Each structure stands twice: as C-alpha cells, then as structure tokens.
Amino acid sequence: MRPFFAGLLALIAVPLAARAADDTRPPVISDVHAAQRGGQVHVEAKITDETGVLMATCHYRSGGGRWTDAPMTKNDYDDVFKVSFGGGPDTEFWIDSSDLLGNGPSTYGAAAKPVAVSASSPAQAQRAAAPPSKRSAPKPTKVASKGGPPLIEHKKPGATLPEGKEVTLRARVRGDSPIAFSGVFLRKQGESGPGVRLALSKVEGETYEAKIPADKAHGSVEYLLAAKDQNGKQSFGGDGGPTTWFAISFKPQGAVEQPFSFSVNPPARVVPGRSLTVRAQITGPGDEPSVPGKAQVLWRGSDGRDQVTDMQPDATGGLGGFKAELPPQTPGAVYYQVVACEPSGAKCAVSTGSKRKWHAVAISPAPGAKPPALDVASSKSPGPLPE
C-alpha cells in the first residue's frame with residue numbers, strides 16, 4: 001500500500017481538528033539504509049509521525065545527472081518505507097516526507113547535499129538487497145485477520161455533467177468484516193494530495209452514496225473512494241485500479257433564454273457618502289414588448305451582507321424604465337444585480353445573465369482599480385434564476 005493512500009484512511013478515521021490541535025511536528029526519518037546489487041539500488045528508511053505519513057519520496061541520480069523522484073512504499077506492519085530503482089555505485093539520493101496535516105517536509109540529505117549509496121552501512125545494505133527468503137524474519141507487531149480488505153464497486157457517471165449542479169455518486173461496499181469508515185476524496189484534476197473529503201454514507205445494505213456539492217461541480221475534477229473495515233483492512237476504488245482516480249468534467253450550460261432583457265449601465269465609481277442610483281430598462285420579447293410587474297436590486301455593500309431594494313417605475317427611462325436608490329456606502333465596493341419576474345413569479349430574469357455574476361461599482365474618492373469579480377449567488381435571489 002503506498003503511503004499516500006494509507007494516509008488517506010487516517011484522514012477518515014480521526015477528526016482533523018483533534019489531530020491539528022496536537023501535531024505540529026513533521027515526520028521523523030531514521031534508520032536509512034541503501035544497497036546496490038545487480039544494477040538495482042534498494043533504499044529503506046523508518047519514517048514515523050504522530051498523525052500519519054502522507055507521502056515519502058526518494059530523489060536519486062547517477063553521475064551528477066538530473067534528479068528523479070520515486071515514491072516510497074510502506075510495509076504493512078511497521079514504519080519502514082522502501083523503494084528500488086536502477087542505479088550503480090555512483091548513485092546518490094535524498095529523502096523527504098510530509099504528514100497528513102501538511103507538516104514538513106522533513107528531509108534526510110538534500111539536493112545540495114545528497115547521500116551516496118556507498119556511504120550506507122554494509123551490513124544493513126546487504127540485508128536490504130537480499131531476497132526476502134534470505135532475510136531474517138522481523139518480529140511481527142500485528143496479527144493479520146482472516147479475509148481480505150473491503151471491496152468497492154463503483155461506476156462513474158457517464159452522462160454529461162452540468163456545471164453548478166450537485167452530483168450523487170453511488171457505490172457498493174462490502175467486506176468480510178463490518179465497514180468502519182468510508183469516504184470520497186475530491187480534488188481538482190492535476191493537483192496532488194488528498195484534496196477534500198466527502199462523506200460516503202450507507203444508504204441501505206451494501207449501498208453507499210456521496211454527493212459532490214454544487215460549488216465543487218466546476219471544470220475537471222478527480223475523486224477516489226475509500227473504505228476501511230473494523231480489522232483495519234483498507235481499500236481504495238478508482239478508475240482502472242486502486243491507485244488511479246476517477247476523472248470527470250463539468251460542462252457549462254448553454255445560454256438560458258430569459259423572459260426579459262435588460263439595459264443597465266452601472267457607473268465605474270461612486271464617492272463615499274453618496275447614494276448609488278441604479279437605473280435599468282427591462283422589456284419582454286416580441287413586437288409589442290411587455291414590462292415586468294416588479295423589479296428589484298439584489299446588492300451587497302461594503303459590509304458583505306445580502307440586501308434587496310425594490311425598484312420603482314422611471315418615466316424618464318422609456319418603456320420598461322425602473323430605478324432604485326441604494327444608501328451611501330463606506331469605501332470598498334457595491335455589487336448588484338437587477339432582477340425582474342413575471343407577475344406569477346414562475347419565471348424571473350437577471351441583468352447579468354447568471355445569478356452568480358454581479359455588476360461592480362467602486363466606492364472610492366478617486367479613480368482606482370476595478371473591484372474584483374464576485375462569483376456567488378445572493379441569499380435573497382428568487383429561485384428560478386439561471387446559473
């Protein structure tokens with residue numbers, strides 16, 4: 001089991017807050033031994049950590065060439081990590097390791113001061129390079145239970161996944177012993193590390209479900225299913241094997257035809273202490289365009305609170321003209337959207353085309369940088385608005 005995946009199960013089993021409160025130290029690397037035999041270099045090290053080792057990597061090169069990274073694999077029943085790779089007597093290496101909380105990396109050697117394979121203890125080097133049948137059997141520290149690890153059966157969603165919509169993942173998890181912990185790890189495609197953990201909850205029998213929340217359903221992501229039984233045996237489920245993550249992508253939804261169109265021209269800046277006048281022309285489609293029975297401004301001031309102000313008809317704004325006065329604000333920015341609904345409230349439209357996009361107005365005594373974009377839906381927005 002690679003240390004990275006062994007570490008993921010530790011994330012399931014122990015609450016993060018409890019671990020973070022106590023463990024601020026990086027892993028400890030000790031008892032490092034290396035041997036060269038038959039064109040192969042064998043490196044082993046004891047790596048311990050209070051929380052658990054997330055990853056251990058051996059960096060190596062020969063003849064002063066380029067460094068190559070090799071993940072180290074943990075033994076099942078002790079804290080020894082091992083790796084083998086092609087090399088000779090002139091091979092040099094160094095090791096780094098980090099824990100599940102991000103403490104580290106701790107190192108043995110360094111790129112500027114690598115360790116030569118020939119500098120290792122000869123006796124230990126021979127033990128590391130010898131075939132398993134010739135090694136002295138280590139004293140067992142744990143007795144293996146009967147039966148295998150949990151079995152995870154899962155098929156990733158095959159349909160096109162729209163952005164901004166919650167996705168339910170379903171899996172069958174079964175084992176020879178009761179399942180003690182389960183979870184799904186989610187990360188952006190191309191990232192390293194475990195990402196965030198989502199709950200993989202038992203629904204009925206051997207059926208489990210996890211939900212990718214709407215705010216994570218953007219771009220391309222990877223996820224990995226994990227389970228651990230009461231005997232400590234663990235499994236990971238991925239696309240094609242236990243060490244491969246499922247990859248899925250979310251596609252932006254096509255433009256939604258709204259019941260009203262808007263003409264809005266927000267100012268770039270308003271002086272602090274002055275009110276902000278919001279004007280909009282809102283009309284429906286057709287040769288004889290209609291106007292909404294009600295229009296509102298959803299806005300956020302410098303305090304970041306969601307607020308709503310009703311708009312009034314504006315005779316100077318032509319057909320469908322509306323306006324509203326927002327109260328004076330302190331320096332910062334005001335974000336707003338104009339929302340209009342049919343009299344029944346069944347269909348609504350937003351001036352930005354998406355409930356997550358906003359017009360931005362700087363509140364400043366002098367011209368300056370444009371306020372940063374805001375990507376969030378207002379808590380005051382009516383339900384039927386396009387994403």
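A search for C-beta distances below 8 Å between a residue of the range 66-87 that is closer than 17 Å to A110 by Cα and of a type in the set (F, W, Y) and any residue that is open to solvent by 30 Å² or more (accessible area, probe 1.4 Å) and assigned to a loop (DSSP other than H, G, I, E, B), counting only pairs 6+ apart in sequence or on different chains, returns W67/A111.
Quick one: would you say A315 is over 19 Å from S354 (Cα atoms), touching a residue at least 60 places away in the same chain (Cβ under 8 Å) and open to solvent by 70 Å² or more (accessible area, probe 1.4 Å)? No, not satisfied. If only residues of the range 162-194 that are hydroxyl-bearing (S, T, Y) and in a strand (DSSP E or B) are counted, the one that is most open to solvent (accessible area, probe 1.4 Å) is T168.
In the range 195-223, which residue that is at pLDDT below 85 and either within 11 Å of T168 (Cβ to Cβ) or not in a loop (DSSP other than H, G, I, E, B) (or both) is most open to solvent (accessible area, probe 1.4 Å)? Steps first, please.
Initially, the range 195-223 is screened for residues at pLDDT below 85, giving 195-197.
Retained after the next criterion (residues that are either within 11 Å of T168 (Cβ to Cβ) or not in a loop (DSSP other than H, G, I, E, B) (or both)): 196-197.
Values: V196: 60, R197: 112 Å².
Among them, the one singled out is R197.
Residues in the range 318-340 that are open to solvent by less than 30 Å² (accessible area, probe 1.4 Å) and either closer than 30 Å to D287 by Cβ or at pLDDT below 90 (or both): G320, G321, F322, A324, Q337, V338, V339, A340. Where strands (runs of 3 or more DSSP E) sit wholly within the range 274-387, those with at least 2 residues that are of a type outside the set (A, V, I, L, M) occupy 276-283, 294-300, 306-310, 321-326, 332-341.
Each residue in the range 259-297 was checked for being charged (D, E, K, R) and either in contact (Cβ under 8 Å) with a residue 40 or more places away in the chain or open to solvent by less than 40 Å² (accessible area, probe 1.4 Å) (or both), and 4 of them qualify.
Just need a number here: residues in the range 37-56 that are in a strand (DSSP E or B), surrounded by fewer than 19 Cβ atoms within 10 Å (Cβ to Cβ) and modelled with pLDDT under 90.
Filtering the range 37-56 for residues in a strand (DSSP E or B) gives 37, 40-48, 53-56.
Next cut, surrounded by fewer than 19 Cβ atoms within 10 Å (Cβ to Cβ) only: 37, 40, 46, 48.
When the remaining residues are screened for being modelled with pLDDT under 90, the result is 37.
Residues flagged as in a strand (DSSP E or B), surrounded by fewer than 19 Cβ atoms within 10 Å (Cβ to Cβ) and modelled with pLDDT under 90 within the range 37-56 amount to 1.
Figure legend. Inter-residue proximity from the range 89-103: first residues on the phi > 0 side of the Ramachandran plot, second residues among the polar types (S, T, N, Q) and modelled with pLDDT under 90, beta-carbon distance below 6 Å, spacing 6+ or different chains. No pairs are indicated. Checked against (1) touching a strand residue (DSSP E or B) at 6+ places or on another chain (Cβ under 9 Å); (2) over 24 Å from A217 (Cβ atoms); (3) modelled with pLDDT of 50 or more; (4) of a type in the set (D, E, K, R), R127 passes all but a single condition, namely (3).
The values are calculated or read from the model by the stated rules, or taken from the named source; none is laboratory data. These figures come from a predicted structure and were not determined experimentally. Please note: Cβ atoms are built from the backbone with ideal geometry, for glycine as well, and neighbour counts cover all protein chains shown. For the accessible areas, the whole protein counts, side chains as well, though only heavy atoms, and no ligand, DNA or RNA atoms are used. Shrake-Rupley method; radii C 1.70, N 1.55, O 1.52, S 1.80 Å.
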